[in-house]
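Report on the structure given below.
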């Protein structure tokens with residue numbers, strides 16, 4: 001849907017309608033990061049044709065970036081009046097030929113804690129292995145009791161990032177902390 005590949009028209013406009021509470025600055029400086037994450041999620045789903053963790057693996061994909069830049073957020077009075085009991089959203093996509101595609105969900109069903117943990121373990125295991133993924137989960141669940149969050153960071157590093165980190169520390173003439 002995102003480009004001419006396979007004969008599809010390119011997307012030229014994207015509007016996401018949400019409850020007003022989703023767009024208010026109740027989170028202060030955190031809101032732009034939350035909003036950006038959501039924009040990337042929508043753009044990646046349109047480019048890749050699926051909603052899955054892998055959508056966040058290549059954030060530098062040029063088409064994902066282009067679509068994220070097109071997105072306009074707007075308040076929807078119906079969603080606002082139903083919030084917080086119901087948390088809906090609508091995505092309107094305009095194609096270059098003028099066609100408008102609309103998908104609306106009146107109430108997004110939140111994932112349970114068990115579903116969130118299962119998704120985390122699946123996604124993390126693909127990157128760091130099942131054992132380290134479980135260790136990370138366990139540490140995060142009791143993070144207020146651990147002495148140093150660096151333990152979590154170390155477990156999150158992939159073998160290639162560990163090697164790159166070692167190489168950076170041992171570059172002659174380079175000052176390191």
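The values are calculated or read from the model by the stated rules, or taken from the named source; none is laboratory data. A quick note: this is a predicted structure, and the numbers were derived from the prediction, not measured. Heads up, the Cβs are rebuilt from the backbone with ideal geometry, glycines too, and the neighbour counts pull from every protein chain shown.
Within the stretch 134-144, is there a residue that is within 21 Å of the chain's Cα centre (by Cα), in the same structural domain as residue 52 (by TED's automatic domain parsing) and surrounded by 15 or more Cβ atoms within 10 Å (Cβ to Cβ)?
Taking every residue of the stretch 134-144 in turn, none turns out to be within 21 Å of the chain's Cα centre (by Cα), in the same structural domain as residue 52 (by TED's automatic domain parsing) and surrounded by 15 or more Cβ atoms within 10 Å (Cβ to Cβ).
Considering only the stretch 105-137, state which residues are closer than 30 Å to residue 75 by Cβ and touching a residue at least 24 places away in the same chain (Cβ under 8 Å).
Those that are closer than 30 Å to residue 75 by Cβ and touching a residue at least 24 places away in the same chain (Cβ under 8 Å): 106, 107, 119.
Which condition number does residue 147 fail, the rest of (1) farther than 30 Å from residue 42 by Cα; (2) modelled with pLDDT of 90 or more being met?
(2) is the only condition that residue 147 fails.
Table: residues versus (1) modelled with pLDDT under 95; (2) outside any loop (DSSP other than H, G, I, E, B); (3) farther than 23 Å from residue 56 by Cβ.
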{"position": "93", "(1), (2), (3)": "no, yes, no"}
{"position": "107", "(1), (2), (3)": "yes, no, yes"}
{"position": "118", "(1), (2), (3)": "yes, yes, no"}
{"position": "124", "(1), (2), (3)": "yes, yes, no"}
{"position": "127", "(1), (2), (3)": "yes, yes, no"}
